[in-house]
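To start, the structure under review is shown below, and the notes come after it.
Every number here is computed from the coordinates shown, using simple stated rules; none is lab data. These numbers were taken from a predicted model, which means no experiment stands behind them. Quick reminder, even Gly has a Cβ in these numbers, built from the backbone with ideal geometry, and neighbours come from all protein chains shown.
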Amino acid sequence: MPQSALSISYRFGDTASPSMAVGFEWDHGALTGTARGAETTLTIDRLSLGLEGRLPLVTRLVAFGRVAPGLLRDHASILDASAPGGAYGGAASGNLQQTTWVAAGDISGGLAYRFTEFHGGAQGAPVFGFWLTAEGGYGYAATHDLVLSPHVETQPGRTDEPLRLGQLAFRGAFLRIRLALSF
């Protein structure tokens, strides 16, 4: 699933020696499609705290390893014309949905290359640096049951059964390519 990411981190130490960093990251991804002619959507948000070790290899090139525990929120929905509407509404709502929060985590490693920098100050230390990073690893999120329901009041005399779609698990290998700014 393609995702966008926004992260911020703080590095302890200087760029010329091994260092540690801590940061926060928010990843967001969404997919739409059809299932038996019905419109479906799946939206994922992952919030994580990253703990990272960095090792300078040569000037401008850094190797890093990261552990990132966090939470994953997924929202799944299907627009089904036969789904019930609200009590006394007289029309089908068509929207079956579920939102779930589960524990998640990543473990990864990669390389970061500082391709340009702007210097300033009396010592000429870099003030801004632009980085290209490549990172690979494994992401894990707890498995949960995917049960879509209409989330509306039930009309008297009517039974609305949820749509049970089995289990959902977000886990597997990943590759991230990023542009980063340091200051």
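From most to least packed by mean Cβ count within 10 Å, the peptides 23-35, 163-175 give 23-35, 163-175. Taking Cα centre as origin and charging only the Cβ of basic (Lys, Arg, +1) and acidic (Asp, Glu, -1) residues, the dipole magnitude of region 1-87 rounds to 300 debye. By the count of neighbouring beta-carbon atoms within 10 Å, fewest first, 127, 147 end up ordered 127, 147.
Packing here is the average count of other Cβ atoms within 10 Å per residue, and on that basis the peptides 12-22, 106-116, 66-76, highest first, run 66-76, 106-116, 12-22.
Once Lys and Arg get +1 and Asp and Glu get -1 on their Cβ, which of 20, 2, 32 lies farthest toward the positive end of the dipole of region 1-61? Among 20, 2, 32, the one farthest towards the positive end of the dipole of region 1-61 is 20.
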